[in-house]
């Protein structure tokens, strides 16, 4: 019985400790709350977008809401389109990273390829896309790394750039 009481108090004490740990910021005093100087936002926050998670991408007050996406939309879509023949592992539109899983061509069952695409800029330019390709060959029942033909990487990058240019042209033609 006594052990149960001690355990109960210990649990209560730990709970209270955990609760106070969540409030790491100092609590404002009545003087701080009523002070007009503390009721205004700093200049960098005064014009900040106050949209919530649920208004992502919607316009507010006649201006485009900031989505945080820092990559070129045409390159993003073109990269997804170009690499769509490979299984997708991860696609991060905010960071501009696309990671595929291993793909084995039907014509070469003893080889497999994997690609990563990195969109590095908001500009539609050749240096805004970087593709890494990995190649493995099946030898003795295990996959061994093999060199990648440099033409494969540049070919994928060229296809992505061409597709992005097509998407941009289609978009501009549809708005006329």
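For the reader, a short list of remarks on this structure follows.
- Flag for residue 128 being touching a residue at least 40 places away in the same chain (Cβ under 8 Å) and under 14 Å from residue 76 (Cβ atoms): yes
- Enumeration of residues in region 69-94 that are in a loop (DSSP other than H, G, I, E, B) and surrounded by 13 or more Cβ atoms within 10 Å (Cβ to Cβ): 69, 70, 71, 72, 83, 86, 93
- Qualifying residue in region 165-172 (condition: surrounded by fewer than 13 Cβ atoms within 10 Å (Cβ to Cβ) and in contact (Cβ under 8 Å) with a residue 60 or more places away in the chain): yes
Every number in this text was worked out from the coordinates using simple rules, so none of it is lab data. Treat the numbers as computed from the prediction; the structure is a model and nothing was measured. We place every Cβ from the backbone using ideal geometry, glycine too, and count neighbours over all the protein chains shown.
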